[in-house]
Amino acid sequence: MGNLTKDVEIRYTKTNKMVCTYTVACSERFIAGDGTEKEVTAFVNCVSWNYDAEKVVHGKKGNRIMLNGRINTRSYEDSNNNKHYVTEVITKNVVLDTFKSNSTGDFESFGNDNKSEEVPF
């Protein structure tokens, strides 16, 4: 879970398949050995195809997102013959919250519309 760092980029393959690329900022808070609260953020590159791409196509910077998928590493050579590696998550399931968050990324209110509900059991 995290927040989109910028608007989702949309492309189409030669066979007209939709592919969306985006980066998710995932923050974690913890108590360090000295007792102070720390926060670290990881920036994860993500790729969504077809149905998952349709679910994230309207994603904007700051939107909260929850996803799962597989990690993929690919490589390419630039024009100077330098080899580069890219690690990204190829999504299998995505939930996009299109309301911008004012929270710090702890997701306590993800999908919560702040309505009180009575559970019938």
Which residues among the stretch 40-70 fall inside the zone where the amide N is under 11 Å from a point 7 Å beyond the Cα of Lys17, along Cα→Cβ? 49-51
What's the carbon and sulfur percent of the stretch 1-103's accessible surface, probe 1.4 angstrom, rounded to a whole number? 49 percent
Give the shape of the stretch 1-53 as rounded, prolate or oblate, defined through the alpha-carbon gyration tensor: a ≥ b ≥ c are the square roots of its eigenvalues, a/c under 1.5 means rounded, and otherwise the shape is prolate if a/b is larger than b/c and oblate if not. prolate
Which whole-Hz ³J(HN,Hα) couplings does the stretch 86-97 yield from phi under the Karplus relation 6.51 cos²θ - 1.76 cosθ + 1.60, θ = phi - 60°, glycine and proline marked x? 10, 10, 8, 9, 8, 6, 10, 7, 9, 10, 10, 9
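If packing is taken as the mean number of other Cβ atoms within 10 Å per residue, what is the order of 1-12, 73-84, highest first?
Working: 1-12: 15.6, 73-84: 7.7.
The densest-packed peptide leads the list: 1-12, 73-84.
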Among Asn45, Asn3, Ile31, the residue whose Cα sits farthest towards the positive end of the charge dipole of the stretch 1-51, when +1 is placed on the Cβ of each Lys and Arg and -1 on the Cβ of each Asp and Glu, is Asn45
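Taking a probe of 1.4 Å, how large is the accessible area per residue of the stretch 21-75, in Å²?
Here the residues of the stretch 21-75 average 63 Å² of exposed surface.
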With charges only on Cβ, +1 for K and R and -1 for D and E, what is the dipole size of the stretch 5-71 about its Cα centre, in debye, rounded to 20? 400 debye
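The values are calculated or read from the model by the stated rules, or taken from the named source; none is laboratory data. Since the model is a prediction, treat every value here as computed from it, not as a measurement. Note: ideal-geometry Cβ built from the backbone for every residue, glycine included; neighbour counts use all protein chains shown. Keep in mind that these areas ignore ligands, DNA and RNA; they rest on the heavy atoms of the full protein, side chains included. Shrake-Rupley method; radii C 1.70, N 1.55, O 1.52, S 1.80 Å.
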